[in-house]
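Participant: Submitted below is the structure of interest, expressed as structure tokens.
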Amino acid sequence: MTPTAFPQRILLGVTGGIAAYKSAELVRRLRDAGAEVQVVMTDAATAFITPMTLQALSGRPVRSGLMDPQAEAAMGHIELARWAECILIAPASADFLARLAHGLANDLLSTLCLASEAPLFLAPAMNRVMWQHPATRANCALLASRGATLLGPAEGGQACGETGLGRMLEPNDLVRALATPPIRADLRGLTVLITAGPTREPLDPVRFLTNRSSGKMGYAVAHAAQAAGARVILVSGPVHLDPPPGVTCLRVERAEEMRAAVMAQVDGADVFIATAAVADYRPAAQATGKIKKTDGALSLILEPTPDILAEVAALPQRPFTVGFAAETERMAEYAEDKRRRKNLDLIAANRVDDRGMGFDSDDNALTVFWEGGSQALPRQPKTRLAVALVELIAEHLHRSRAAPDQP
Ligand code: PMT
């Protein structure tokens, strides 16, 4: 699969689980994205959704039997394995993950997975206790170590009535994930702490000072870090985004609250990435009642907020520390100045005076600076840019760990 194109030929494996009802919607969304979809069902899946439904939506006969003489006479299982540009198993049941992890090939779908060199994406769906079970954890770790990409699961209410991790990702999230290039960074075993979004500094009970940050950049970085295998903690200001599934998200409003959340988590963090647009100033006093309108001008006294990034970078046992710089002029000069003053490992600078990039946009461009070097990451959707940024961060992190005294 090329990093820029949506896969054209998707083999969608459906295994037995209540989330199989979402496969119908998923087939439609994948076709809307321009892909041909060949559905392969396990026997158990056919108890949850009929092959007829998926056949009608995909426009292709659904395959399920390994020993089907008619199907083997046409596009046999090896041809099917070669045809697929990528394989997506959604939902992937605990049983199917276990069979895949052990290389079993006792039905058509598991045989295809074994016989194909196409990238494999797994969207697990199961009860939360089954998901947390050491056997499932070990199977997933084994599959990930062999190059499979796990998409989700998400957290929330489950069909069994419980609440927790185990829901299949929504079809739109799966389509988005297939459109994102695979990440080449390896952050397995590491914890990445990220700030995202704006802060709100209250003036009175109904008004606040804030900025245009949507959180898109920070949430994309969280998603990319998680895709690289990291445990991700996202400290987020108020935004209208759902955190990537599996990411621990701590919601805050004020800079002081963001600082407290970061300081409570930073001890265990290997990497800190400050994408948040933290308000630099806050009202020196917050009125307890709504400030009344008068005919005259109103003056506000503002005081500086704590500089979270500088505080983390000054810790004696600090994580690998990455700042952002939002600039409207002399970007390189101001960003480099911030990097030196705050003693950062890397700083990612972006221009925020160009409509369509920076704040509250889907696209962005970054120039990343470090001691003695820089790299431009050209304009692209934030989801892709975040992948490139996390790859660069991982490269510098691993280099600094290999040679701790080198810049
Ligand atoms: O959220 P989006 O709409 O996707 O927009 C993305 C973005 C433009 C907000 C993002 O790409 C970005 O530039 N984030 C940093 C914004 C910013 O506040 O830049 P700054 O140059 O003012 O701050 C420098 C660094 O210090 C930043 O890493 C910031 O998180 C950090 N900081 C700033 C002030 C403060 N009190 N505490 C901090 O930690």
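The values are calculated or read from the model by the stated rules, or taken from the named source; none is laboratory data. None of the values given here were measured: they were computed from a predicted structure. We place every Cβ from the backbone using ideal geometry, glycine too, and count neighbours over all the protein chains shown. Note: areas computed on protein heavy atoms with side chains; ligands, DNA, RNA excluded. Shrake-Rupley method; radii C 1.70, N 1.55, O 1.52, S 1.80 Å.
Participant: Determine whether Thr275 is modelled with pLDDT of 95 or more, within 25 Å of the chain's Cα centre (by Cα), near the ligand (Cβ under 9 Å from one of its atoms) and polar (S, T, N, Q).
Facilitator: Yes; evaluated as a whole, the condition is true for this residue.
Participant: Residues in region 283-299 that are open to solvent by less than 80 Å² (accessible area, probe 1.4 Å) and away from the ligand (no atom under 16 Å from the Cβ): how many?
Facilitator: 5
Participant: Are there any pairs, at least 6 apart or on different chains, whose C-beta atoms fall under 8 Å, with the first in region 346-371 and of a type in the set (Lys, Arg) and the second assigned to a strand (DSSP E or B), and if so, which?
Facilitator: Sorted first by the residue in region 346-371, then by its partner, the pairs are Arg351/Glu327; Arg351/Met357; Arg351/Ala365.
Participant: With respect to Ala310, determine if the residue is within 13 Å of the ligand (Cβ to nearest atom), open to solvent by less than 70 Å² (accessible area, probe 1.4 Å) and under 14 Å from Thr195 (Cα atoms).
Facilitator: On the way: within 13 Å of the ligand (Cβ to nearest atom): yes; open to solvent by less than 70 Å² (accessible area, probe 1.4 Å): yes; under 14 Å from Thr195 (Cα atoms): yes.
For Ala310, the condition - within 13 Å of the ligand (Cβ to nearest atom), open to solvent by less than 70 Å² (accessible area, probe 1.4 Å) and under 14 Å from Thr195 (Cα atoms) - is met.
Participant: Something else: When both residues are 6+ apart or on different chains and their Cβ atoms are under 7 Å apart, which pairs have a first residue that lies in region 211-233 and is among the aromatic types (Phe, Trp, Tyr), and a second that is open to solvent by less than 20 Å² (accessible area, probe 1.4 Å)?
Facilitator: Note: pairs meeting the criteria are Tyr219/Ala196; Tyr219/Pro244.
Participant: What are the residues in region 357-391 that are within 12 Å of the ligand (Cβ to nearest atom) and open to solvent by 20 Å² or more (accessible area, probe 1.4 Å), if any?
Facilitator: Correct list: Met357, Phe359, Asp360, Asp362, Asp363, Ala365, Thr367, Pro381, Thr383.
Participant: Another one. Can you report the number of residues in region 339-374 which are within 17 Å of Ile273 (Cα to Cα) and touching a Phe, Trp or Tyr at 6+ places or on another chain (Cβ under 9 Å)?
Facilitator: Number satisfying all stated conditions: 9.
Participant: Let me ask you something else. Please find, within region 230-269, the residue that is least open to solvent (accessible area, probe 1.4 Å) out of those that are basic (Lys, Arg) and outside any helix (DSSP H, G or I).
Facilitator: Looking at the filtered set, the residue picked out is Arg254.
Participant: I'd like to know if region 155-164 contains one or more residues that are in the same structural domain as Arg31 (by TED's automatic domain parsing), more than 24 Å from the chain's Cα centre (by Cα) and polar (S, T, N, Q).
Facilitator: no
Participant: Looking at region 313-333 only, could you name the residues that are crowded, with 16+ Cβ neighbours inside 10 Å and either of a type in the set (Ser, Thr, Tyr) or under 23 Å from the mean Cα position of the chain (by Cα) (or both)?
Facilitator: Within region 313-333, Pro319, Phe320, Thr321, Val322, Gly323, Phe324, Ala325, Ala326 meet the criteria.
Participant: Follow-up question, since we're still on this one. Could you list all residues from region 195-229 that are open to solvent by less than 10 Å² (accessible area, probe 1.4 Å), away from the ligand (no atom under 13 Å from the Cβ) and more than 30 Å from Leu302 (Cα to Cα)?
Facilitator: Ala224, Ala225, Ala228
Participant: Filter the strands (runs of 3 or more DSSP E) completely within region 83-174 down to those with at least 1 residues that are in contact with a Leu (Cβ under 8 Å, 6 or more places away or on another chain) and either within 27 Å of Met67 (Cα to Cα) or open to solvent by 60 Å² or more (accessible area, probe 1.4 Å) (or both).
Facilitator: Ranges flagged: 86-92, 120-124, 154-157.
Participant: Ala220 - would you say it is among the hydrophobic types (A, V, I, L, M, F, W, C), within 25 Å of Glu311 (Cβ to Cβ) and modelled with pLDDT under 95?
Facilitator: yes
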